[in-house]
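S.K.: Questions regarding the structure given below will be posed in turn.
Nothing in this text is a laboratory measurement; each read-out follows from the coordinates by a stated rule. This structure is a prediction, so every number in the text was calculated from the model and none was measured. Virtual Cβ from ideal backbone geometry, glycine too; neighbours counted across all protein chains shown.
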Amino acid sequence: MGMQVVLLQDVAGVGRKSEVKSVAEGHARNFLIPRGFAAAATAGRIKSLEKEKAVIAGDEKVQRDLLLKNLESLSGMTITLEAKANEKGHLFKGIHKEEIVAAIVKQAHFEIPVDAILLEEPIKQIGEQEIPVSVGAHNISFKLQIQSIS
């Protein structure tokens, strides 16, 4: 006969943390519960789990709203980076997404996910470039001004 348990952490072959699962009673009593992987799924525990999930969902919405607001303010902004280049304007070292995100943090005072920057390959030339950014269905772009330092 099966037993309902709440997983306290990810368990291979059983499920992910915070899920309510039906498992063999022996497996629950002899393995999952004694090792702290799961707890019996009481009504109170399920209710507190639902509250916890609602709080997490609320936090995620706040984080997403903040990210979209930040993207809006980044749109049309010009971020400046300095890099060493030869006399023809070719950079000695390509500029990667991580360096662009670091420049955004320094100049715009917020962070965006590295994978939101749509950059096919590192930038290798001084000058101004339009950098596309995409988060979900939201697409914006900003200007990246790369200046040569000696």
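S.K.: Could you name the lysines in cross-link range of LYS53, using Cα to Cα under 25 Å and dropping any fewer than eight places away on the same chain?
M.R.: LYS17, LYS21, LYS61, LYS69
S.K.: Which aspartates and glutamates, on any chain, are close to LYS93 with Cα under 19 Å apart, when same-chain ones fewer than 8 places away are left out?
M.R.: Qualifying aspartates and glutamates at Cα under 19 Å: GLU82, GLU120, GLU121, GLU128.
S.K.: In addition: Between the helical axis of 43-74 and the dominant principal axis of the chain, each derived from Cα atoms, what acute angle in degrees is found, rounded to the nearest 10?
M.R.: It is inclined by approximately 10 degrees.
S.K.: While we're looking at this one, here's another question. Give me the distance in nm between label points sitting 7 Å out from Cα along the Cα-to-Cβ direction at LYS51 and LYS69, one decimal.
M.R.: Here the modelled spin labels are 2.7 nm apart.
S.K.: Label PHE92 and ARG16 with points 7 Å out from Cα along Cα→Cβ: what is the distance between them in nm?
M.R.: Modelled inter-label distance: 4.6 nm.
S.K.: Taking 7 Å along the Cα-to-C-beta vector as the label spot, tell me the PHE110-GLN125 distance in nanometres, rounded to one decimal.
M.R.: Between PHE110 and GLN125, the simple spin-label model gives 3.1 nm.
S.K.: Which far-off residues, 5 or more places away or on another chain, put their amide H under 5 Å from the one on GLN125, with H placed in the peptide plane?
M.R.: LEU91
S.K.: From the list [x] 1.20; [y] 1.64; [z] 0.99, can you say which value of Cα Rg over 2.2 N^0.38 Å was derived from the structure given?
M.R.: [y]
S.K.: Report, to the nearest 10°, how far helix 97-108 tilts away from the longest principal axis of the Cα atoms in the chain, using its own Cα long axis and a range of 0 to 90°.
M.R.: With both axes taken from Cα atoms, the answer is about 80 degrees.
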